[in-house]
Amino acid sequence: MQIMGVDIGGSGIKGAPVDLERGELAQERHKVLTPHPATPEGVAGCVAEVVGHFGWSGPVGVTFPGVVSGGVTRTAANMDRSWVGADARALLTQHLDGLPVTVLNDADAAGVAEMTYGAGRGRSGTVLVLTLGTGIGSALFTDGTLVRNTELGHLELHGHDAETRASVKAKEDGDLSWERWAKRLHKYLAHVEMLFSPDLFILGGGISRKADRFLPLLDGIRAEIVPAALQNNAGIVGAAMAARTVDSGRPVTESAGGR
């Protein structure tokens, strides 16, 4: 079974049809740059461009980097403020000529995908999936069940919004060495560990391809730390999973992790 997944990010919007039997992209993903300012109309147009690239005519799952409740976007830390309170599902449905659309938090989507097909498959206990990119997204699971919209990248750490110090964007903007960035990331992980006592951290986003450069520097964290298996495709896969669950009735808050 194939479903279209689209992942909206602060720097890029990417998508592809997803083979949900295998949890893999069925075609090479198509990516466009996120418009600036990243207004609802501008971003919706880009999503339509990505979906149109594949000539897609079925259900579409779309992630958003912020809190999403009932298809409405409630926060927009790395997008234009006009997203706050926007009916994203209705807007995207309009731009996609009436195709059925499901919208969810981007890290939640990536987390469900990792727990079902990736590094969290079969893992019980408390698992925290962190997506490192323009910001820091989070997906918290207890025995395979998702706690939605946690947005732990916005925890205050030493007087700063954590993602402004420990995201990949912070590394790039500050031209930080792997060692300096890993020190910041370590402080963030230690803080989150103190709050939630996870058994496992899964670190995702595009930076997970270079896990060997920074994971060995994160010593002193009690929880196991592993790179995401689906890397930067996890959001696309999770978006497609969410679109499928609308028809099947299976809650997107459930995954194969811990089962």
Worksheet, complete the sentence: For region 182-231, the percent of all C-alpha pairs falling in each 5 Å bin, from 0 up to the bin holding the max distance, is 5, 21, 32, 27, 13, 2
Discussion item. List the residues, sorted by chain then number, that are 5 or more residues from Val68 or on another chain and whose placed amide H is less than 5 Å from its amide H.
Written reply: Arg74, Asn105
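Provide the FRET efficiency to the nearest 0.05 for the Ala190-Val147 pair, computing r from the beta carbons and using R0 = 35 Å. Mind showing how you got there, number by number?
On the way: r = 21 Å, r/R0 = 0.59.
For R0 = 35 Å, the calculated efficiency reads 0.95.
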Discussion item. Below 8 Å between Cα atoms, with a sequence gap of 6+, how large is the relative contact order for the chain in percent?
Written reply: 23 percent
Fill in: Calculated from backbone phi, Karplus (6.51, -1.76, 1.60) coupling profile of region 17-24 in Hz, x at Gly/Pro
x, 10, 7, 7, 6, 9, x, 10
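Provide the per residue accessible area, probe 1.4 Å, for the chain, rounded to a whole number of square angstrom. Mind dumping the intermediate values first?
On the way: 10790 Å² over 259 residues.
Ligands and nucleic acids excluded, the figure is 42 Å² per residue.
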Worksheet item: Under 12 Å from a point 7 Å along the Cα-to-Cβ line of Ala90: which residues of region 43-73 have their amide N that close?
Response: 71-73
Worksheet item: Relative to the Cα centre, what is the charge dipole magnitude of the chain, using +1 at the beta carbon of each Lys and Arg, -1 at the beta carbon of each Asp and Glu, and rounding to the nearest 20 debye?
Response: 320 debye
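Could you tell me the ratio Rg/Rh of the chain? Both radii from Cα atoms, Rh via Kirkwood. Intermediate results must be reported in sequence, preceding the final value.
Numbers: Rg = 17.0 Å, Rh = 18.0 Å.
Reported Rg/Rh, Kirkwood definition of Rh: 0.95.
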Worksheet item: Given the chain, what count of lysine pairs have C-alpha atoms under 22 Å apart, with each pair 8 or more places apart or on different chains?
Response: 13
Worksheet item: Relative to the first principal axis of the alpha-carbon coordinates of the chain, what is the inclination of helix 40-53, with its axis defined by its Cα atoms, in degrees from 0 to 90 and to the nearest 10?
Response: 70 degrees
Fill in: Phe54-Asp173 pseudo-label distance in nm [points 7 Å out on the Cα-to-Cβ vector]
3.2 nm
Discussion item. Compute, for region 1-75, the length of the dipole vector about the Cα centre, with Cβ point charges of +1 (Lys, Arg) and -1 (Asp, Glu) only. Units Debye, rounded to 20.
Written reply: 180 debye
Practice prompt. Of the DSSP beta bridges with both residues in the chain, give the percent that are antiparallel, rounding to the nearest 5.
Written response: 60 percent
Item to complete: For a label point 7 Å from the Cα of Ser11 along Cα→C-beta, name the residues of region 159-200 whose backbone N is under 12 Å from it.
Response: 167-175
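The values are calculated or read from the model by the stated rules, or taken from the named source; none is laboratory data. Computed from a predicted structure; not experimentally measured. Don't worry about glycine lacking a Cβ; one is built from the backbone with ideal geometry, like all the others, and counts go over all protein chains shown. Heavy atoms of the whole protein, side chains included, go into the accessibility calculation; ligands, DNA and RNA do not. Shrake-Rupley method; radii C 1.70, N 1.55, O 1.52, S 1.80 Å.
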